[in-house]
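Since every read-out is calculated from the coordinates, none of them should be taken as a lab result. In this text, all values refer to a predicted model and were calculated from it rather than measured experimentally. Please note: Cβ atoms are built from the backbone with ideal geometry, for glycine as well, and neighbour counts cover all protein chains shown.
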Amino acid sequence: MASTAQLPSSERRAEIEANLGGVGNAVRQSSSASGARLVAVSKLKPASDILAAYASGQRHFGENYVQELCEKAAVLPADIKWHFIGRLQSNKCKALAAVPNLWAVETIDSEAKARKLNDAWAAAGHVHSLNVFIQVNTSGEANKGGVEPLEVEGVVRAIGESCERLSLLGLMTIGSLDGSSRRPNPDFLCLRQLRDSLGARLELSMGMSDDYAHALELGATSVRVGSKIFGTRAPKPV
Ligand SMILES: *Cc1c(COP(=O)(O)O)cnc(C)c1O
């Protein structure tokens, strides 16, 4: 797929490069020997911004809206590793699975959606399997997405038994606003304890712009950072 996006102004490039360098250094310094992954969250930012980060060596990018991800993937380099981190809707699985370089879906929140995504990925004819994370509702807030902690084991089993085109990479949490100001962050602790209790070698995707360093201290293997790299976003479309 040809990359047709254009680089932004040299000023904007320098800004993104500097931000990315700062966050990247912090991730390298505070993560374990194996190194954590930095996912640059580019939702609501133009493709040109992504290309600037790409030019600085960044390859993992996260998007929240399926249509936006599809549009960007079509005009950006094919070796970008896209992460879908938005709320997963059953009727969008097919469109998502059509993105050839979709690298991971981090927001599996039910067995049913895991199956739906598995089938869509199979139907799209990819030879490799698709990485997924189970999103966990670590804060117990009713309005938060994700699987209840006690139900995670069942979803892990279901993916292993009946989703052969999916590869379970780990657990993910967004966490509550309330928890994000507490140290240690209770959502991160919950996710880590859950992983430990499963006795599995699963990754932990947790931590955003304001708390990624803290998340790394608590064992995050993948952090999702947006505004610290690309600047503040315009309000979410409704
Ligand atoms: C937007 C978003 C992020 C990045 O948030 P920042 O605070 O801008 O770093 C990370 N994870 C998810 C799920 C998001 O929706």
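Observations on the model:
- Loop-located GluC sites (Glu not before Pro) across segment 101-164 with a Cβ neighbour count of 16 or fewer within 10 Å are Glu141, Glu164, with loop assigned by DSSP.
- Of the residues Gln6, Asn118, Pro149, the one whose Cα sits farthest toward the positive end of the charge dipole of the chain, with +1 on the Cβ of Lys and Arg and -1 on the Cβ of Asp and Glu, is Gln6.
- Dipole check for the chain: with +1 at the C-beta of Lys and Arg, -1 at the C-beta of Asp and Glu, and the Cα centre as origin, the magnitude is about 320 Debye.
- Per-residue ellipticity at 222 nm from helix content only, as computed over the chain with -39500 (n - 2.57) for each DSSP H run of at least four residues, stands at -11500 deg cm²/dmol.
- Compactness of segment 151-238 is given as radius of gyration and Dmax, 14.8, 42 Å, from Cα positions.
- Between Asp210 and Ala18, the FRET efficiency estimated from the beta carbon spacing at R0 = 30 angstrom works out to 0.95.
- Projecting the Cα atoms of Leu96, Gly226, Ile108 onto the charge dipole of segment 10-230, computed from C-beta unit charges around the Cα centre, puts Leu96 farthest toward the positive end.
- Rounded to the nearest Hz, the phi-derived 3J(HN,Hα) couplings of segment 93-103 under the Karplus curve 6.51 cos²θ - 1.76 cosθ + 1.60 (θ = phi - 60°) are 4, 5, 5, 5, 5, 7, 7, x, 9, 5, 9, where x marks glycine and proline.
- Under 5 Å, built H, 5+ apart or other chain: amide partners of Ile108: Phe133, Gln135
- Taking each of Lys92/Lys113; Lys81/Lys116; Lys43/Lys72; Lys116/Lys144; Lys81/Lys113; Lys72/Lys116 in turn, the alpha-carbon distance tops 18 angstrom for Lys81/Lys116; Lys116/Lys144; Lys81/Lys113; Lys72/Lys116.
- Amide H to amide H distances under 5 Å link Arg37 with Ser222, Val223, where only residues 5 or more positions off or on other chains count and H is placed in the peptide plane.
- Value of Rg to Rh for the chain (Rh from inverse mean 1/r over Cα pairs, i.e. Kirkwood): 0.95
- For segment 55-169, a simple Cβ point-charge model (Lys and Arg +1, Asp and Glu -1, everything else neutral) yields a dipole of about 280 debye relative to the Cα centre.
- Residues whose amide H lies under 5 Å from that of Ala124, counting only those 5 or more places away or on a different chain, are absent; hydrogens are built 1.01 Å from N in the peptide plane.
- Axial C-alpha extent at least 24 Å, average Kyte-Doolittle at least -1.0 - helices from the chain (DSSP): 10-30
- Charge dipole (segment 35-81, unit charges on Cβ, about Cα centre) - positive-most of Ser48, Leu38, Val75: Leu38
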